[in-house]
1. Just to check I understand the Karplus step: with θ = phi - 60° and J = 6.51 cos²θ - 1.76 cosθ + 1.60, what whole-Hz values come out for region A:142-159, glycine and proline as x?
2. What is the extension gain from A:Leu156 to A:Arg85, computed as 0.36 nm multiplied by their sequence separation minus the C-alpha to C-alpha distance, in nm to one decimal?
3. What does the accessible area of A:Phe97 come to, in Å² to the nearest 10, when a probe of 1.4 Å is used?
4. With an 8 Å cut-off on Cα pairs and a minimum separation of 6 or more residues, tell me the relative contact order of region A:42-192 in percent.
5. Using Cα-only point scatterers and the Debye equation, what is log10 of I(q)/I(0) for the protein assembly as shown at each q in 0.06, 0.07, 0.12, 0.14 Å⁻¹, rounded to two decimals?
6. Starting from the Cα of B:Ile20, step 7 Å toward the Cβ, then list every residue of region B:78-121 with an amide N under 13 Å from that point.
7. Would you kindly derive the ³J(HN,Hα) couplings of region A:71-82 from the backbone phi angles with the Karplus curve 6.51 cos²θ - 1.76 cosθ + 1.60 (θ = phi - 60°), listing them in order in whole Hz, with x for Gly and Pro?
8. Tell me the relative contact order for region B:6-119 as a rounded percent, counting alpha carbon contacts under 8 Å between residues six or more apart.
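The values are calculated or read from the model by the stated rules, or taken from the named source; none is laboratory data. Please read these numbers as outputs of a predicted model, since none were measured by experiment. Every residue, glycine as well, gets a Cβ built from its backbone with ideal geometry; the counts of neighbours run over all protein chains shown. Surface accessibility is based on the protein's heavy atoms, side chains included, excluding ligands, DNA and RNA. Shrake-Rupley method; radii C 1.70, N 1.55, O 1.52, S 1.80 Å.
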Amino acid sequence: MNVSNRHPGPFAAIGLLAAFAFAVVLIVAINGDSAWVYGENMLSDLGISDVQMSADLFNYGCLIVGILVFVYGLGKAACETECNRASGCILAISAIFLILIGYIHSDFGNGNTHDTIAILTFLFLFIAMVLSAIGDWRDGARINTAITVILILIILGCAVGMSIEALEVITVACGIVWLAAISSKMIIPKKA
Amino acid sequence: MTPVPKKMVFGAALGLIGGIIAMCAVAAAWDGTPDSMPLVGLNMLIACMFFAVAGGFTKFTPVQGSTIIVLAAVCEAAVILSILYEGSYFWLNLILAVIGAVNILFAACPTVTSWVDAQRI
């Protein structure tokens, strides 16, 4: 719950913009590379795609969206309290790793650096989602809690039976939806 | 005791309808081989969750008002997983997803949660 005089509106707008922009960037990059196949290729393969447009879109998109999400995460931490504040901080850390994904492609060295950064990105994103669900529950934002719980369960359910390539795409999609949902909630703050 | 809110009656009815549709999906998922068991189990989970949500919307509900939305959320997550794993026909899963979403909205209503917390038997 927002207990300060800080208005979360601008940060919420940045969050919505980041979610929308990342969705557009990924869709355009995937459509631009006909060799990319869902379930067989990682999203990181777009960063080293033979189609220069897709590669640039993905890499620069990660950089710019990462910066936007970082700002949004800090804003969420500043405007919210308790678990939601922690969620904002963790989301900002995840955004730093997202920026690094765009900067260090999977061709760098033997690829382990990029893979490590990607795993850390998703790990911190997942932790941020869990903290956000707890924080929203305590604040009484039931619909937001329900949306976050649904997305968390989808990620866990897909982790059980799907390939890592498909799981990555679904996790990113869930992350985009979650970011849009929590940004929408922040647009209209509740006074204490 | 005040009468049960209409939203709870609709929520229970939708839960029952979703459960019955999911049971049909269970039957449709079975193709005679053990390989189809995961999909059969997934559809059965969906059916169980819909019946649980339906029970949550009655006056004999065993859970608190705020817990019903958790049940509805888990139910909706199971439906979306069924879509991703192609557990049944896409249109059938879409119908279940819509029913699940409506149940979430009903469960989030303050009328429902306050009635359940105050009046459940």
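1. The phi angles translate into 5, 5, 4, 4, 4, 4, 5, 4, 4, 5, 4, 5, 4, 4, 5, x, 6, 5 Hz.
2. Once the chain is fully extended between A:Leu156 and A:Arg85, it gains 23.2 nm.
3. About 40 Å², ignoring ligands and nucleic acids.
4. It rounds to 21 percent for region A:42-192.
5. Listed by q, the Debye log ratios stand at -0.23, -0.32, -0.88, -1.10.
6. The answer is none.
7. These are the phi-based 3J(HN,Hα) values: 5, 4, x, 5, x, 5, 5, 6, 8, 10, 10, 6 Hz.
8. Once normalised by length, the contact order is 33 percent.
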